[in-house]
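Sending over a structure as structure tokens; questions will come in a sec.
The values are calculated or read from the model by the stated rules, or taken from the named source; none is laboratory data. Quick caveat, the model's predicted, so the values are computed rather than measured. Because the Cβ atoms are built from the backbone with ideal geometry, glycine has one as well, and the counts that use them run over all protein chains shown. Side chains are part of the model used for accessible areas, which takes the heavy atoms of the whole protein and leaves out ligands, DNA and RNA. Shrake-Rupley method; radii C 1.70, N 1.55, O 1.52, S 1.80 Å.
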Amino acid sequence: MNAPAKTEDFAIKIPDGVYAETVLSVEHYTDHLFRFRMTRPAGFRFRSGEFAMIGLMVGEKPIYRAYSIASPAWDEELEFFSIKVPDGPLTSHLQAIKPGDTVLMRKKPTGTLVLDALTPGRRLYMFSTGTGIAPFASLIRDPDTYEKFEEVILTHTCRDVAELKYGFDLVDEIRNHEFLNEIVGDKLKHYATVTREDYPFQGRITTLIENGKLFADLGVPALDPEIDRGMICGSSAMLKDTKELLEKAGLTEGANNKPAEFVIERAFVG
């Protein structure tokens, strides 16, 4: 496999309308998961929860995929959380990046998992599986989230316990942050479950919603469209099943141009 190129290797070949940014750090969590941080272009603006098209020069051409921006809108750097796919057109190369390498990014971010797409409420649920936690990594570190909601519940379901570590690292970061800790206080609840190992909290999030265990564990009432709002990011099956449960509870799906009680990000479902 060819190593990702550095800027000087293809400076002349950078496509028009694309940022070329420098990798600052890389952290590998498991054989399947890693996160990296890179420089943020001076003119780049986004709303927490949005995604961008990021890519690498592979040979003579760029390859892009949609990635949620995991860092909040105020951060001076950009963070991404990725799976490793051995034969993936992009991730087979992306997983080999190191500090100093160059990552490409198209200039226009977009996405549905933004606060503007929700009507006002009291409690915000963020339902995620696997790397679907990435947009919520952005939102739970954004002060605006806590201005709009009294309680924020992040659920993260993975196959194995080791895959939950990124979520725990995020919460620890908030608890130890000089100003986020004070803003967030006790408003954030983190509910992590696994499906393939022994763990205090086990099961698919849809099962835990259906049987009421999610609400019992958190000490909150069942879903109520008057006060509860939701965001969903995960596999296509998880999106479909969670959407049905929220609609069964009386919540309506919204969008950027028509805010409602819950939103789904479908950009990553192929």
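For the range 109-117, indicate whether the set of residues that are surrounded by fewer than 17 Cβ atoms within 10 Å (Cβ to Cβ), over 18 Å from Thr155 (Cα atoms) and within 16 Å of the chain's Cα centre (by Cα) is non-empty.
Of the range 109-117, the ones surrounded by fewer than 17 Cβ atoms within 10 Å (Cβ to Cβ) are 110, 116.
Keeping just the survivors that are over 18 Å from Thr155 (Cα atoms) gives 110, 116.
Those left that are additionally within 16 Å of the chain's Cα centre (by Cα): 110.
Scanning the range 109-117 turns up at least one residue that is surrounded by fewer than 17 Cβ atoms within 10 Å (Cβ to Cβ), over 18 Å from Thr155 (Cα atoms) and within 16 Å of the chain's Cα centre (by Cα).
Select the helices (runs of 4 or more DSSP H) contained entirely in the range 174-270, then report the ones holding at least 3 residues which are open to solvent by 50 Å² or more (accessible area, probe 1.4 Å) and not basic (Lys, Arg).
180-184, 236-248
Go through the range 158-172 and give me each residue that's crowded, with 21+ Cβ neighbours inside 10 Å, in contact with a Lys or Arg (Cβ under 9 Å, 6 or more places away or on another chain) and without any contact (Cβ under 8 Å) to a residue 60 or more places away in the chain.
Across the range 158-172, the qualifying residues are Cys158, Leu170.
Being over 13 Å from the mean Cα position of the chain (by Cα) and assigned to a strand (DSSP E or B) is the filter; apply it to the range 44-62 and report the residue that is surrounded by the fewest Cβ atoms within 10 Å (Cβ to Cβ).
Start the filter on the range 44-62 by keeping residues that are over 13 Å from the mean Cα position of the chain (by Cα), which leaves 44-46, 53-62.
Retained after the next criterion (residues that are assigned to a strand (DSSP E or B)): 53-58, 61-62.
On the way: Met53: 18, Ile54: 26, Gly55: 22, Leu56: 22, Met57: 21, Val58: 17, Lys61: 9, Pro62: 19.
Checked the range 44-62; the qualifying residue surrounded by the fewest Cβ atoms within 10 Å (Cβ to Cβ) is Lys61.
Please tell me if Ala222 is within 17 Å of Gly111 (Cα to Cα), among the hydrophobic types (A, V, I, L, M, F, W, C) and out of contact with any Leu (no Cβ under 8 Å at 6 or more places or on another chain).
Against the criterion (within 17 Å of Gly111 (Cα to Cα), among the hydrophobic types (A, V, I, L, M, F, W, C) and out of contact with any Leu (no Cβ under 8 Å at 6 or more places or on another chain)), Ala222 does not qualify.
Tell me whether the range 31-43 contains one or more residues that are of a type in the set (D, E, K, R), without any contact (Cβ under 8 Å) to a residue 24 or more places away in the chain, over 30 Å from Leu245 (Cβ atoms) and part of a loop (DSSP other than H, G, I, E, B).
No, because not a single residue in the range 31-43 is of a type in the set (D, E, K, R), without any contact (Cβ under 8 Å) to a residue 24 or more places away in the chain, over 30 Å from Leu245 (Cβ atoms) and part of a loop (DSSP other than H, G, I, E, B).
Which one of these is open to solvent by 10 Å² or more (accessible area, probe 1.4 Å) and in contact with a helix residue (DSSP H, G or I) (Cβ under 9 Å, 6 or more places away or on another chain): Arg40, Arg122, Arg65?
On the way: Arg40 fails: in contact with a helix residue (DSSP H, G or I) (Cβ under 9 Å, 6 or more places away or on another chain); Arg122 fails: in contact with a helix residue (DSSP H, G or I) (Cβ under 9 Å, 6 or more places away or on another chain).
The match here is Arg65.
Among the residues of the range 70-86, are any at pLDDT below 95 and either open to solvent by less than 10 Å² (accessible area, probe 1.4 Å) or over 26 Å from Val18 (Cβ atoms) (or both)?
yes
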